[in-house]
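What follows is a single structure, written as structure tokens, with notes after it.
The values are calculated or read from the model by the stated rules, or taken from the named source; none is laboratory data. Here the structure is a predicted model, which means the values were calculated and not measured. A quick note on method: Cβ atoms are made from the backbone with ideal geometry, for glycine too, and the neighbour counts reach across all protein chains shown. For accessibility, only protein heavy atoms count, side chains too; no ligands or nucleic acids. Shrake-Rupley method; radii C 1.70, N 1.55, O 1.52, S 1.80 Å.
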Amino acid sequence: MNQADLSKLVSALRIAVKPKPRPLSCPEGPAGRLRKLRATVTALVKYERIELYYPRAEEAQGYAERLISDAIRNGDCHKHTMEMADYWLNEKQLVHKLFKVLVPRYQNYNSSFSRLVLGPNSYPGYFAGTAILELKGNPFPALQPETHNYHYWLHNVLLDEAKKEFRSAREERNAGTTESVTAES
């Protein structure tokens, strides 16, 4: 078996999926927990940005990444991938969105397909840890502004040069006064 065939067998997830599930409390037991996670993954594919509590967002991120990764790797003709998409997506029209919209969008991605951003801290009071889970490349405005390097803007370069000139002139002036003080003593 050559290397290309081997890559089809191993999932290429781009985030760390913890092997032990998180302790999400649910009065309905494990079935209710899975139902909540399915609803979360469905909402993520449908809306592409959701706000929820951090533990559930972190676990749902792993399942969504795995679903998208399998969809990219195997396509819509693979039986197991279609069964997984049918299981995780409660609304069946989202299966088409997964294969027709999300797979072409993430086909050439080298990083993870989703982003998890901590939500604002509500103070004072109990902080339950909200988070915003979003798919990358969504049509919404960015949550965090892009950082720009303003160092090379013209007015910053001119101000830096003026500071250097001022400091060198002050050092020369101070050096001249210290020489005259030492000469007088």
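Kindly identify segment 117-171 as rounded, prolate or oblate by the Cα gyration tensor criterion: order the square roots of the eigenvalues as a ≥ b ≥ c, call it rounded if a/c is under 1.5, otherwise compare a/b with b/c, prolate if a/b is larger, else oblate.
oblate
For segment 41-113, just say rounded, prolate or oblate: build the C-alpha gyration tensor, square-root its eigenvalues into a ≥ b ≥ c, call rounded for a/c under 1.5, and beyond that prolate if a/b exceeds b/c, oblate if not.
prolate
In nm, to one decimal, how far is the modelled label at Ala169 from the one at Asp76, with both set 7 Å along Cα→Cβ?
Inter-label distance under the simple model: 7.1 nm.
Select from segment 28-132 those GluC sites (Glu not before Pro) which occupy a DSSP coil region and have at most 15 other Cβ atoms within 10 Å, ordered by residue number.
Taking segment 28-132 and a limit of 15 other Cβ atoms within 10 Å, the loop GluC sites (Glu not before Pro) found are Glu28, Glu91.
Once you sort the root eigenvalues of the Cα gyration tensor of segment 31-166 as a ≥ b ≥ c, which label holds: rounded (a/c under 1.5), prolate (a/b larger than b/c) or oblate (the other case)?
Oblate shape, in that a/c is at least 1.5 and b/c is the bigger or equal ratio.
Would you mind getting the accessible area per residue of segment 21-122, heavy atoms of the protein chains only, 1.4 Å probe, in Å²?
54 Å²
Along Cα→Cβ, 7 Å out, is where each label goes; now give me the distance between the ones at Ala142 and Leu154 in nm to one decimal.
Each label point lies 7 Å from its Cα, and together they span 2.4 nm.
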